[in-house]
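Presented below is the structure to which this report refers.
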Amino acid sequence: MITTVVTAATITTVTTVTTVTTVTTIIAMGLAAAVGTVAVVGFGVLLGTKELAGATGYGSGTRLARFLSVGVWPLAISFGVFVVMKIMEVIA
């Protein structure tokens, strides 16, 4: 009788830990996807704005294009990492 109670308590503890670990993993994966999506959208907006500002040919447009280049390069790198990770995810 005592062995059964200990076994039931152990199973409940293991089930609870497994459930918490699974939920935490799913939330972490969702957060990574959200951050990746925001980075890709930000990259597109900054790159599009930079190209349009640089195409004007005026001094203020050229300055804006140079200013936006500061944010485009880090986002381009993170976009590249995001794409590589998604490709590896599909392959694996």
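Structure above, values below:
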{"read-out": "Per-residue HN-Hα couplings for the stretch 77-92 [Karplus 6.51, -1.76, 1.60; θ = phi - 60°; Hz; x = Gly/Pro]", "value": "5, 5, 5, x, 5, 4, 5, 4, 5, 5, 5, 5, 5, 6, 5, 6"}
{"read-out": "For the stretch 37-46, Karplus couplings with θ = phi - 60° (6.51, -1.76, 1.60), whole Hz, Gly/Pro x", "value": "5, 5, 5, 5, 5, x, 4, x, 5, 5"}
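Rule-based calculations on the coordinates, nothing more; no lab input. This is a predicted model, so every value here is computed, not measured.
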